[in-house]
Amino acid sequence: MAWLRARWRALAPSQRLLTGLLAVAAVGAFAFALLLERDTRVPLFAQPLQSEQLAEVVERLAEWNVGFVTLPDNVRVDARRKNDLLLRLALAGVPHAHLATSAEALQQASPLTPQSVLDAQQREGLAGDLASSLRGIAGVAEARVIIAPAQPGAFADEASHAATASVRLSLQPGAVLGATALDGVREFVAAGVPGLDPKRVAILDDRGLALGTSHDAALSDEALSLQNSLQSALDAALGAAATIVRVHVSYDQRAREVRDVRRRSLGAGAIGTTTSDETYRSPTKTYAKKNATVDGGSEVQDERVDVPAGRLERISVAIAVDASRRFDLRKIRAFASATLGLLPSRGDVVSVEAVAFPHARAAHIAPLASVAGLIAALGPPAMLAVAIVFGVRCGVKPVAALGAALVQRLSVQRSTRLVAAFPAAHVRGALAGEPPHTAAAIISALPAATATAVLELYPPEERAAIVRRMSRGAKPAVPDYESVLRRG
């Protein structure tokens, strides 16, 4: 520390000011870099998440291009966006409620657990496994499964009951499940429960209607087939996400009987003729009436048509077209009518409208925020680079002078050790041609008797110059190693 204080006192006032400013700038840049590197993200959820819930949240945040850090049971996000992200996740229904699996349900089982409790836990875990699998079906937002076990009659007067299952499906907006998909759900649930008949699996939606029955004719496979056919054709012709197609099929649930009777003549004349002749004679007071009927033969055609319930009555098609692409709506209407085989005489209608679709827009960044972000990113490296450049530029000369002084001091010490054991005449010969300050440094390190003898060998002018330099009390620029060791 004494050496540093001595070097600080030896600097000029301008050099002291510059050195202080550089030190303050370096400390400020370091503190600013630490401030920027401080993690300000907070946990998104107050409660820990399960593995499948965490996977859902991570997938949705990555889809929204939101920065986050994954933890074993949570995610860390920017504190300023926490409330907004929680609202968006809640609207999207993410994450789903955790359902206990079979492994979790039987995790607390012990050898002393009653068999009835084990069976109930097993059914609960099985229902959770089935519901988790049904969530992965396209168009299904949430699923719950309830399993009722089979109950055999223990006594003669008790009736046995077969196993049943109830499935509640929450569909995504605009999603529909056809009869084939619903049959697949029944088969899937029945295959997972031993002894369960697919016919005993009831499927319910959010509206309280049993799916796959006559109560929901709009979910027929015919409507889905028509909708998928037209949607795929428009996607291939106009591009993906350019149109939205919805098809509604109406059915006539009335059973009708139509009878048509037609009679045609066999010849060119009429089928039959009827003539009537009436006569009255006044003198005799007599009245006579004659009727004659001639049947020329005919052909009778009796046609009877029975129309069962569920007849296709009308097809309604709605097509929303992206307004930004400026497609010809008349051509799209004609294309849809031809693709689905619509009949205007039957009452089929198709509606095509240009709608402004919501497109992903680039986030608007304020200029001040951009500048602040750029400064925050490039500020610490730039300040550090400027400090290094100024330090090198302002310190190259002192460092060079310090290095030269160090080299000179080492040279003097080496020369002093070499000439200390030599006689005065030999030392004088070794110092021949050396400048006065070098000779003064070497002679001052010699013993007093040897130094006096060497000085006597110099001419008066050179001896006076050497003595003047030997009499200066300036401290050395670089202390020798012995002084450093003594201080340490």
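The combined condition, being surrounded by 13 or more Cβ atoms within 10 Å (Cβ to Cβ) and either at positive phi or touching a strand residue (DSSP E or B) at 6+ places or on another chain (Cβ under 6 Å) (or both), is not fulfilled by residue 65. Across the stretch 61-85, the number of residues qualifying as more than 13 Å from residue 49 (Cβ to Cβ) and part of a helix (DSSP H, G or I) comes to 9.
Okay, residues lined up against (1) modelled with pLDDT of 75 or more; (2) in a helix (DSSP H, G or I); (3) over 14 Å from residue 466 (Cβ atoms):
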| site | (1), (2), (3) |
| --- | --- |
| 428 | yes, yes, no |
| 433 | yes, no, no |
| 443 | yes, yes, no |
| 449 | yes, yes, yes |
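Looking at 18, 54, 34, just one residue is touching a Ser or Thr at 6+ places or on another chain (Cβ under 8 Å) and either basic (Lys, Arg) or assigned to a helix (DSSP H, G or I) (or both), and that residue is 54.
Note on the stretch 179-199: residues that are surrounded by 17 or more Cβ atoms within 10 Å (Cβ to Cβ) and free of Cβ contacts under 8 Å to residues at least 60 places away in the same chain amount to 7. Residues of the stretch 31-70 that are closer than 16 Å to residue 381 by Cβ and touching a residue at least 40 places away in the same chain (Cβ under 8 Å): 32, 33, 36. Against the numbered list (1) at pLDDT 80 or above; (2) surrounded by 10 or more Cβ atoms within 10 Å (Cβ to Cβ), residue 478 comes up short only at (1).
With respect to the stated conditions, residue 176 is at pLDDT below 85, under 30 Å from residue 222 (Cβ atoms) and buried (at least 17 other Cβ atoms within 10 Å of the Cβ). Among the numbered conditions (1) out of contact with any strand residue (DSSP E or B) (no Cβ under 8 Å at 6 or more places or on another chain); (2) over 30 Å from residue 358 (Cα atoms), the only one that residue 325 does not meet is (2). If you filter the stretch 288-298 down to residues that are among the aliphatic types (A, V, I, L, M) and either surrounded by 10 or more Cβ atoms within 10 Å (Cβ to Cβ) or without any contact (Cβ under 8 Å) to a residue 12 or more places away in the chain (or both), you find that the one that is nearest to residue 269 (Cα to Cα) is 294.
Residue by residue, here is whether (1) under 24 Å from residue 55 (Cα atoms); (2) surrounded by fewer than 16 Cβ atoms within 10 Å (Cβ to Cβ) holds:
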site: 105; (1), (2): yes, no
site: 108; (1), (2): no, yes
site: 112; (1), (2): no, yes
site: 120; (1), (2): no, yes
site: 126; (1), (2): yes, no
site: 132; (1), (2): yes, no
site: 138; (1), (2): yes, yes
site: 142; (1), (2): yes, no
site: 151; (1), (2): no, yes
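Taking into account only those residues within the stretch 1-46 that are farther than 30 Å from residue 82 by Cβ and among the hydroxyl-bearing types (Ser, Thr, Tyr), which is modelled with the highest pLDDT? Only one residue tops the list, namely 19.
Do you know which residues across the stretch 299-327 are surrounded by fewer than 16 Cβ atoms within 10 Å (Cβ to Cβ) and assigned to a loop (DSSP other than H, G, I, E, B)? Residues satisfying the conditions are 308, 309, 310, 326.
The values are calculated or read from the model by the stated rules, or taken from the named source; none is laboratory data. Keep in mind that what you see is a predicted model, and the values were worked out from it rather than measured. Note that we place each Cβ from the backbone using ideal geometry, even for glycine, and neighbour counts take in every protein chain shown.
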